[in-house]
Amino acid sequence: MKLNIANPTTGMQKLVEIDDDKKLLPFFDKRMASEVSGDSLGDEFKGYVFRIGGGNDKQGFPMKQGILSNQRVRLLFKKGMSCYRERRSGCRKRKSVRGCIVGPDLAVLSLVLVKKGAEEIPGLTDDNKPRRLGPKRASNIRKLFGLEKKDDVRQFVVRREVKEKKSKAPKIQRLITPQLLQRKRYFKAQTRKRMEAGKQMKVEYMKRVAEYRQEQKEARAAEVAKKKKEKK
């Protein structure tokens with residue numbers, strides 16, 4: 001079985017081939033997203049902890065989270081489900097996928113490094129691969145660089161070189177600027193004005209309704225008085 005180990009902190013990835021099934025025994029019958037110690041894989045992996053991210057069986061069918069089986073099943077897929085890409089709007093398709101429980105029939109098992117051990121693994125922990133694309137959202141940029149609210153996020157955007165002397169940066173999402181706050185205040189003031197105008201109009205309307213009812217009452221009283229006068 002091949003183990004595809006990814007290290008999110010360094011951005012490195014390594015493919016390790018393990019022929020001895022005894023070394024893989026701790027991984028068998030474990031579900032996706034469960035954490036497993038890497039001590040059984042060899043001395044270089046002592047102290048390491050991995051999270052099972054997924055895998056493919058020998059025929060290339062991917063593992064799907066939530067299917068509590070260690071074999072292949074046929075499911076009816078629709079838009080939004082993993083392991084399926086909708087080709088036409090509203091189209092559903094029955095496909096074969098592998099269950100989320102690890103077994104010996106897998107060809108590749110994807111692992112994510114959760115905890116680093118004492119020794120360095122060449123090609124996985126000894127080097128650092130720079131991120132091609134950085135985060136876009138303001139809060140994620142703050143989290144990446146450990147910034148405070150008063151720090152200017154625009155100075156920390158990860159730029160990438162396109163050509164010589166030319167670089168690109170993403171448009172920062174959810175960035176709080178003075179213009180945004182001013183716009184927010186303006187919209188709130190507009191809403192408040194509309195509410196006050198509505199209240200004023202309601203008061204005037206109720207006043208006019210009361211006047212109209214009084215006029216109707218007086219007109220009716222005058223009509224009744226006129227009829228009484230005629231009878232006499």
Review point. Which one of 71, 103, 89 has its Cα pushed farthest toward the positive end of the charge dipole of region 28-104, where Lys and Arg give +1 and Asp and Glu give -1 at the Cβ?
Key: 89
Practice item. Provide the solvent-accessible area of residue 32, counting protein heavy atoms only and rolling a 1.4 Å probe, rounded to the nearest 10 Å². Key: 30 Å²
**Study point:** Vicinal HN-Hα couplings computed from phi for region 159-165 (Karplus, 6.51 cos²θ - 1.76 cosθ + 1.60; Hz; Gly/Pro x)
**Key:** 9, 10, 6, 9, 10, 5, 6
Revision key, fill the gap. For region 90-105, Karplus-derived ³J(HN,Hα) couplings (6.51, -1.76, 1.60; θ = phi - 60°; whole Hz; x for glycine and proline) come out as x, 7, 10, 8, 8, 10, 8, 9, 8, x, 8, 9, 6, x, x, 7
Practice item. Please list, in chain and number order, the residues 5+ apart from residue 107 or on another chain whose amide H is under 5 Å from its amide H, with Hs placed from the backbone. Key: 56, 57, 58
Check your understanding: So what is the relative contact order of the chain, in percent, for Cα pairs below 8 Å that sit 6 or more residues apart?
Key -> 19 percent
Check your understanding: So how much accessible area does residue 177 have, in Å² to the nearest 10, using a 1.4 Å probe?
Key -> 30 Å²
Exercise for review: At a Cα cut-off below 23 Å, give the lysines reachable from residue 79, other chains included and same-chain residues fewer than 8 away excluded.
Suggested key: 64, 93, 95
Practice item. Could you tell me how many degrees, from 0 to 90 and to the nearest 10, lie between the Cα long axis of helix 178-231 and the main elongation axis, the longest principal axis, of the Cα atoms of the chain? Key: 30 degrees
Study note, to complete from the structure: Taking every DSSP bridge whose two residues both lie in the chain, the antiparallel percent to the nearest 5 is 80 percent
**Study point:** Heavy-atom accessible area per residue - the chain, 1.4 Å, Å²
**Key:** 76 Å²
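What fraction, in whole percent, of alpha-carbon pairs in region 64-128 exceed 16 Å separation?
Details: 1300 of 2080 pairs.
Tail of P(r) above 16 Å: 62 percent of Cα pairs.
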Check your understanding: Out of 13, 38, 205, whose Cα points farthest toward the positive end of the dipole of the chain (charges: +1 Lys, Arg; -1 Asp, Glu; placed on Cβ)?
Key -> 205
Check your understanding: Can you give the Rg to Rh ratio of the chain, both from alpha-carbon atoms, with Rh computed by the Kirkwood formula?
Key -> 1.40
Practice item. With the full set of protein chains in place, find how many percent of the accessible area of region 150-199 is carbon and sulfur; take the probe as 1.4 Å. Key: 52 percent
Review point. What nm value, rounded to one decimal, do you get for the distance between residue 93 and residue 227 when each label is placed 7 Å out toward the C-beta?
Key: 8.1 nm
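About the Cα centre, and with charges only on the beta carbon of Lys, Arg (+1) and Asp, Glu (-1), how big is the dipole of region 182-232? Nearest 20 debye, please.
Values: 20 positive and 7 negative charges, 61 e Å.
Here region 182-232 has a charge dipole of around 300 debye.
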Practice item. Provide the per-residue ³J(HN,Hα) series for region 53-66, in order, calculated from phi with Karplus coefficients 6.51, -1.76, 1.60 and θ = phi - 60°, each as a whole number of Hz, with x at glycine and proline positions. Key: x, x, x, 10, 7, 5, 9, x, 7, x, 6, 10, 5, x
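What are the trypsin sites (Lys or Arg not before Pro) within region 56-132 that DSSP puts in a loop, where the Cβ has at most 13 other Cβ atoms within 10 Å?
Values: sites: 58, 64, 72, 74, 78, 79, 85, 87, 88, 92, 93, 94, 95, 98, 115, 116, 131, 132; in loops: 58, 64, 78, 79, 85, 87, 88, 92, 116, 131, 132.
Here the trypsin sites (Lys or Arg not before Pro) that fit, given the DSSP loop and packing criteria, are 58, 78, 79, 85, 87, 88, 92, 131, 132.
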Study note, to complete from the structure: Residues whose modelled amide H sits under 5 Å from the amide H of residue 137, counting only those 5 or more places away in sequence or on another chain, are 173
Point to revise | Anchor residue 46: lysines whose Cα lies under 17 Å away (excluding residues fewer than 8 positions away in-chain) | key: 14, 22, 23, 115, 116
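Net charge within 11 Å of residue 57 by Cβ-Cβ distance, Lys/Arg positive one each and Asp/Glu negative one each, not counting residue 57 itself?
Numbers: positive: 58, 72, 98; negative: 105.
Summing Lys/Arg as +1 and Asp/Glu as -1 gives +2.
The values are calculated or read from the model by the stated rules, or taken from the named source; none is laboratory data. What you are looking at is a predicted structure, and each value in this text was computed from that prediction instead of being measured. Because the Cβ atoms are built from the backbone with ideal geometry, glycine has one as well, and the counts that use them run over all protein chains shown. What goes into the accessible areas is simple: the full protein's heavy atoms, side chains included, and nothing from ligands, DNA or RNA. Shrake-Rupley method; radii C 1.70, N 1.55, O 1.52, S 1.80 Å.
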